[in-house]
1. Quick check: is even one residue across the stretch A:72-80 assigned to a loop (DSSP other than H, G, I, E, B), within 27 Å of residue A:221 (Cα to Cα), hydroxyl-bearing (Ser, Thr, Tyr) and in contact with a Leu (Cβ under 9 Å, 6 or more places away or on another chain)?
2. In the list B:218, B:231, B:242, B:273, which residue meets the criterion of being over 23 Å from residue B:151 (Cα atoms), of a type outside the set (Ser, Thr, Tyr) and within 14 Å of another protein chain (Cβ to nearest Cβ)?
3. For residue B:172, all conditions in the list (1) surrounded by 24 or more Cβ atoms within 10 Å (Cβ to Cβ); (2) under 24 Å from residue B:76 (Cα atoms); (3) more than 9 Å from chain A (Cβ to nearest Cβ); (4) not small (Gly, Ala, Ser) hold save one; what is the number of the exception?
4. Scanning the stretch B:106-126 for residues that are in contact with an Asp or Glu (Cβ under 8 Å, 6 or more places away or on another chain) and under 21 Å from residue B:228 (Cβ atoms), which turns out surrounded by the fewest Cβ atoms within 10 Å (Cβ to Cβ)?
5. Taking residue B:213 as meeting all but one of (1) under 21 Å from residue B:108 (Cα atoms); (2) surrounded by fewer than 20 Cβ atoms within 10 Å (Cβ to Cβ); (3) at the interface with chain A (Cβ under 10 Å from one of its Cβ atoms); (4) among the charged types (D, E, K, R), write down the number of the exception.
6. Considering (1) surrounded by fewer than 23 Cβ atoms within 10 Å (Cβ to Cβ); (2) in contact with a Cys (Cβ under 8 Å, 6 or more places away or on another chain), say which one residue B:188 fails and leave the rest.
7. Out of everything in the stretch A:149-163 that is out of contact with any Asp or Glu (no Cβ under 6 Å at 6 or more places or on another chain) and over 21 Å from residue A:428 (Cα atoms), what residue ends up being nearest to the other protein chains (Cβ to nearest Cβ)?
8. Identify, please: which residue in the stretch B:68-89 is of a type in the set (A, V, I, L, M, F, W, C) and in contact with a helix residue (DSSP H, G or I) (Cβ under 8 Å, 6 or more places away or on another chain) and is, among those, surrounded by the fewest Cβ atoms within 10 Å (Cβ to Cβ)?
Amino acid sequence: MRRMSGRSRDPLVRALVSALDARRVQTGDGARRLYSRDASVIRGGRAGVVCFPETTEEVSACVVASLAHGRDFVARGAGTGLAGGAVPCDEPVMVVLTRMDRILEVDVSRRLAWVEPGVVNLDLSRHLAGTGLHFAPDPSSQQSCTIGGNVANNSGGPHCLLYGVTSAHVLAVEVVLPDGEVVVLGEEEGDSVGYDLRGAFVGGEGTLGIATRICVRLTEDPPDVATLLLDFMSVGAAADTVSAIIAAGMIPAALEMMDQRVVEAVEPFVNAGYPTDAAAVLIVELDGQPSGVADEIRRIEELARAHGARSVRVAADEGERERIWKGRKSAFGAIAVIKPDYYLNDTVIPRTKLAEVIERIYEIVEEQDLIVMNVFHAGDGNLHPLLLFDAREAGVMERVLAAGEEIVRVSVAAGGVLSGEHGIGLEKKRFMSLQFSPADLEAQQRLRSAFDPVGRANPAKVLPTGASCGHVTSLGRLPDGVWV
Amino acid sequence: MGVSAGDVHMVGFRSDVGDSGAVCVRGGGTRWGVGGGPDGAREVSAPVGIVTLDPAEMTVMVGAGTALSDLAGELAIHGLEVGMKGPSGATVGGVLMVGRSALRRRRVGTIADVLLQADCVGADGVAFTAGGPTVKNVTGYDLCRLLVGSLGTLALVGRVILRTRPVPSRSLWLAGEVEPERVLDATYRPSCVLWDGVRTSVLLEGHGEDVDETAARLALLELSATEPPVLPTGRGRWTGRLPSGGVLEVGSGVVHQADDGGPPTVSDGVRLLAGRMRASFDPSGRLNPGRDPYRVAA
């Protein structure tokens, strides 16, 4: 039931209502339950009062009220995060930014746009249709995730191989700092003035303040695009081809791998013509000017065949291109035919170690008697092993967790990192000490403390030394839709 | 220079920095006055040399005291480059700490995009690592971006891992008396566009035939091949008006001009946050005490 908060006896709620209005301050169980989770596997979050500000001033008022009443606050966009970054601990004030969804300004000649944080990623690129420009970060959740969420998580996506992750596309950001003050970090043009506080803020997972207006860089649409589908009889051969392409001095716009289990699951849905008997396929996208693209197609075909590619197919038209990508992007919808639940990991390894680490992942998963599917951003070594299981099976969660932890350990031991694009949130903070020394973590804490000296902004996230969130369960029933 | 570095584990560097007394790292000294002087701080040197260069990873680990030209020479053998540029004699660490992006930033990205990992010594004399070794990484806070342009006021950087890029197969400067907007409309992602108020210069890079095809299109706007421009050494920030003798780096906000302009104005809120940041990393104010990143021209 939706409980109106207009006559609440809670002084915090009264303060929030006077700053917003009763309609946009919700205290009922339904709202609190809805906002207690995100798209991660983490359950057991506890939201406090849920606010829907519509202006920077209202966001600031939410923060100030939280502080005045000794409560934490957690910012939230569309809730598509996969690491529990927006899962509330200890009944914080939830600052939900989805009503701040206006595209404020598009400056085509200067190739930038100012947007509010609740603008959906794909809506911005749709809005830009016809201008010859687009917003480059393209997480697979782009039809749902917000640009504010992209900023908080420094999100990636297939085309970030060439164009860089979100931080490379955020020029400036208006932030409500954790003390309620409003600042603009970064510049519309040029290198940062003084410290790159904008760069420090991006990827802060809501622990450094709340973005209320974002100036994004717009990228020119390429004049020519080619999409290639390469298939291999071994995962190792596909991985070696990835290394060979990079070593040859080419950076494709995207370079994705799908293993046989993914191909088998996806092909019946999309009819993209994926060879279902291949051990792995690579999707390679090249963009730029026509001669450079044509030259790279030729060089990649040669390299792929030298590394054992069985076939190399260049999409003949836009329809074929779309089908190839549809298979990649809908991979996670297709897996329900195999198992009802899945847990998606996200680590990065040196791309020259792809073959050996993937082989090790197959072993780890077999040891735990689970099923794994691999569909990932091979070009930058960003793995996304997807563990499939049925949560109703007794004891399966322990095995899923054990496999997930071992994959993280193997990735770090191979010279990799904990996360390439999903962030740390609650999910991985216990692994931070695998990658970082106490001194490394202290340096990160120094950055955080400068933004948030009192520790009220999403405090239980990212650093293992911060507040704990004892009541969440690390894995519960998995969400119906999840993206990578 | 060889592909090996002295002080690989930064033991000497950490000991040189110590845990007390004002201290700074001296690189090539090519922009020694930027943001103020060392103010009597003890000068130490960062390790020199390439530690590891793996072309298949497109990353390089290098001592911060390595001359950028030495690194560039070694990378060029493998057809690679880093998206950084500095005056002759500048070191890798110095260029990162000053934080000015290369003239070719439209192609190679900003200098903040280059630094993947930094091994540092903090104000307390304790070594720590910022960032990570892979080309993609969102693990924890982005300390690397905070360090770039910090003038060594948050930590002293001894060793770094940088992103490398393939060198374009063809580069061509063109110039002509035309508005920069028309050049931008006629090109796809040029590496640099300069405007001196009358003439626009553009750097085309990429596949030879694409460069030639674009050059042919620009010939219709009466742009013709030219030598790389020699720019004035001072800097200012673009305010909508070009100073006499100034050259605008279109899209970057930078004006190359005879003398350095004044530092841009910064809001009180940003100043306060920056002050907290500096105090958080260096509570006793021993790192580069005479320098202030907010006193830099552009």
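1. no
2. Working: B:231 fails: within 14 Å of another protein chain (Cβ to nearest Cβ); B:242 fails: within 14 Å of another protein chain (Cβ to nearest Cβ); B:273 fails: over 23 Å from residue B:151 (Cα atoms).
Residue meeting the stated conditions: B:218.
3. (1)
4. B:107
5. (1)
6. If we test residue B:188 against (1) surrounded by fewer than 23 Cβ atoms within 10 Å (Cβ to Cβ); (2) in contact with a Cys (Cβ under 8 Å, 6 or more places away or on another chain), just (2) comes out false.
7. A:160
8. B:84
The values are calculated or read from the model by the stated rules, or taken from the named source; none is laboratory data. On a predicted model such as this, the values are computed, not experimentally measured, just so you know. All Cβ positions, glycine included, derive from the backbone under ideal geometry; neighbour counts span all protein chains shown.
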